[in-house]
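Inspection log for the structure reproduced underneath, given as structure tokens.
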Amino acid sequence: MDQYPLPNDETEIYRHIVESARDYAIFAMDLDGAIVTWSAGAENLFGYSSAEIVGQNSAILFTFEDQLAGTLLKEIRLALAAGRAGDNRWHVRKDGGSFWASGLMMPLRNDAGEIYGLMKIVRDRTQTLHQDEALRASEERLQLILKSAIDYAIFAFDRDGLIISWNTGACRIFGYEEDEILKRDARILFVEEDRDGGALEREMEAALKRGRAENERFHLRKDGSTFWGSGLTMPLRAQRAGYLKVLRDDTERHFADEHQQIMLREMSHRVKNSLALVAAMLAMQARSAGREEVCRALRDAEARVGTIAEVHDQLWRQPHIETVDLADFLSSLCLRLQQSASSHGLSVDADPCMIDADRAIQIALLVNELVTNAFKHAYPDAAGAVTVSARSIGAEIRLEVADDGKGLPPELSASGNEGKSLGMKIVGALVQQLKAEMHIENRHPGTGFVIRLPREG
């Protein structure tokens with residue numbers, strides 16, 4: 001970069017400073033307001049050349065309303081009396097257009113300290129004005145929305161939990177008026193158990209970590225009554241750091257959901273009891289059957305009905321009836337199967353995987369058939385081990401039932417519904433219902449049934 005020597009004349013340096021300030025209008029005037037100097041920035045901002053404006057009264061730069069109000073004279077008096085006069089107002093360009101400007105007027109003094117004129121610096125702040133107006137309009141709209149949202153409690157609290165804003169909906173839901181609740185600890189809105197357990201602190205931590213914290217719990221009203229609130233807590237990124245909480249009274253829905261869960265559990269429990277009765281009737285019929293093949297068929301039917309009953313019993317004990325964890329589900333099922341065939345060994349290795357209840361029933365029946373078939377056909381004359389495994393691979397589940405026995409007999413063909421065995425026909429039908437694929441592997445020793453099925457139907 002080329003370097004040039006500073007001028008020896010200090011006056012020349014000052015002139016260069018003024019002329020270089022293109023974003024600022026800098027001009028001097030006498031004590032009556034007549035313009036005597038005019039910078040390049042002033043020409044750029046107001047549109048007048050130096051030849052056009054020098055000698056004219058600076059009132060020409062003010063709006064007609066300010067001229068009538070004597071605004072220039074008031075500025076001059078204030079600058080002379082106080083040493084400076086700042087202002088924010090509209091100014092007028094040569095072409096008649098106006099702009100919002102921030103201005104500062106100061107007296108000019110000679111070496112003896114005597115005032116001989118005034119200097120004014122003006123900057124165009126129109127864009128800032130529009131931004132401020134847009135922000136103010138946005139804040140006004142937000143305040144209107146907050147006041148109109150009477151079905152939602154919307155309030156903010158700082159990092160210490162002190163409430164800093166409170167809308168009309170919060171007044172209606174919690175019972176506190178705005179002047180009663182501001183600057184109070186938001187923990188008073190929580191029931192004692194959640195308050196002592198640090199529920200608010202956990203919400204703030206989760207909101208900071210993930211950007212939002214959804215929560216459902218009982219809250220406390222001013223009158224001491226409670227309601228079930230569904231809420232969302234979000235961090236505020238403004239200068240006044242804190243959190244915003246939006247909450248709705250969902251008490252009616254909460255109790256409706258609870259009632260529905262109770263009804264579903266009661267229905268499932270009744271189904272399980274009815275199936276247990278059917279299984280008992282089949283067992284009784286099997287004991288009285290004269291022919292061995294009829295007795296065996298009835299006992300197989302009893303086992304299948306018992307499996308369905310066991311599935312329903314496990315389902316109604318789950319926290320959520322609609323879904324079940326496959327790992328826990330298979331472990332419970334295989335424990336029952338192990339108890340019914342104590343001479344054999346049965347192990348389970350399954351990944352945690354949530355599936356819907358309908359598919360759980362189908363998978364249970366499938367595993368029941370394959371395990372009981374292994375007990376009967378892989379080890380007809382001795383005890384042996386059967387393994388059940390389930391792997392969650394993406395959107396797919398790989399289910400396997402394997403043994404180390406003598407292999408699959410001819411009547412249990414791999415053709416599913418075409419085989420002579422009723423058990424294999426049931427297996428084939430269940431595989432089809434699950435939209436799965438099954439492969440039977442002769443492993444020498446033993447047999448492996450490998451089923452791949454989508455996690456969702």
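The values are calculated or read from the model by the stated rules, or taken from the named source; none is laboratory data. Note that the coordinates shown come from a computational prediction; the quantities given were computed from them, not determined experimentally. Here Cβ is always computed from backbone atoms with ideal geometry, including for glycine, and neighbour counts include all displayed protein chains. In case anyone asks, the SASA skips ligands and DNA or RNA and just uses the protein heavy atoms, side chains included. Shrake-Rupley method; radii C 1.70, N 1.55, O 1.52, S 1.80 Å.
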How many residues are under 17 Å from the mean Cα position of the chain (by Cα) and among the charged types (D, E, K, R) if we restrict to the range 178-216? 8
Filtered residues of the range 275-290 (kept if open to solvent by 80 Å² or more (accessible area, probe 1.4 Å) and in contact with a Leu (Cβ under 8 Å, 6 or more places away or on another chain)): Q285
Among (1) surrounded by 14 or more Cβ atoms within 10 Å (Cβ to Cβ); (2) among the acidic types (D, E); (3) closer than 22 Å to R172 by Cα, E214 falls short only on (1)
Search the range 44-73 for residues that are touching a residue at least 40 places away in the same chain (Cβ under 8 Å) and on the phi > 0 side of the Ramachandran plot and pair each with any residue that is open to solvent by 30 Å² or more (accessible area, probe 1.4 Å) and of a type in the set (D, E, K, R) when their beta-carbon atoms are under 6 Å apart and the residues are at least 6 apart or on different chains. G47/R93; G47/K94; G47/D95
Checklist (1) at pLDDT 70 or above; (2) in a loop (DSSP other than H, G, I, E, B) applied to Q318, failing item: (1)
Looking at (1) over 26 Å from L129 (Cβ atoms); (2) at pLDDT below 90; (3) assigned to a strand (DSSP E or B); (4) not aromatic (F, W, Y), which is the one condition that is false for A25? (1)
Determine whether the range 167-181 contains at least one residue that is assigned to a loop (DSSP other than H, G, I, E, B) and open to solvent by 50 Å² or more (accessible area, probe 1.4 Å). yes
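Condition check: touching a residue at least 60 places away in the same chain (Cβ under 8 Å), over 24 Å from E252 (Cβ atoms) and of a type in the set (D, E). Does D158 satisfy that?
Working: touching a residue at least 60 places away in the same chain (Cβ under 8 Å): yes; over 24 Å from E252 (Cβ atoms): yes; of a type in the set (D, E): yes.
Spelling it out, D158 is indeed touching a residue at least 60 places away in the same chain (Cβ under 8 Å), over 24 Å from E252 (Cβ atoms) and of a type in the set (D, E).
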Filter result for the condition that a residue is among the hydrophobic types (A, V, I, L, M, F, W, C), modelled with pLDDT of 90 or more and surrounded by fewer than 19 Cβ atoms within 10 Å (Cβ to Cβ), over V388, V450: V450
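For the range 359-402, which residues satisfy the criterion of being out of contact with any Pro (no Cβ under 8 Å at 6 or more places or on another chain), more than 20 Å from K425 (Cα to Cα) and of a type outside the set (V, I, T)?
Listed by number, the residues that qualify are Y379, P380, D381, A382, A383, G384, A385, S389, A390, R391, G394, R398.
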Only strands (runs of 3 or more DSSP E) wholly contained in the range 334-413 count here; list those with 2 or more residues that are among the basic types (K, R) and out of contact with any Cys (no Cβ under 6 Å at 6 or more places or on another chain). none
Return yes or no: is L118 among the hydrophobic types (A, V, I, L, M, F, W, C), outside any helix (DSSP H, G or I) and open to solvent by less than 20 Å² (accessible area, probe 1.4 Å)? yes
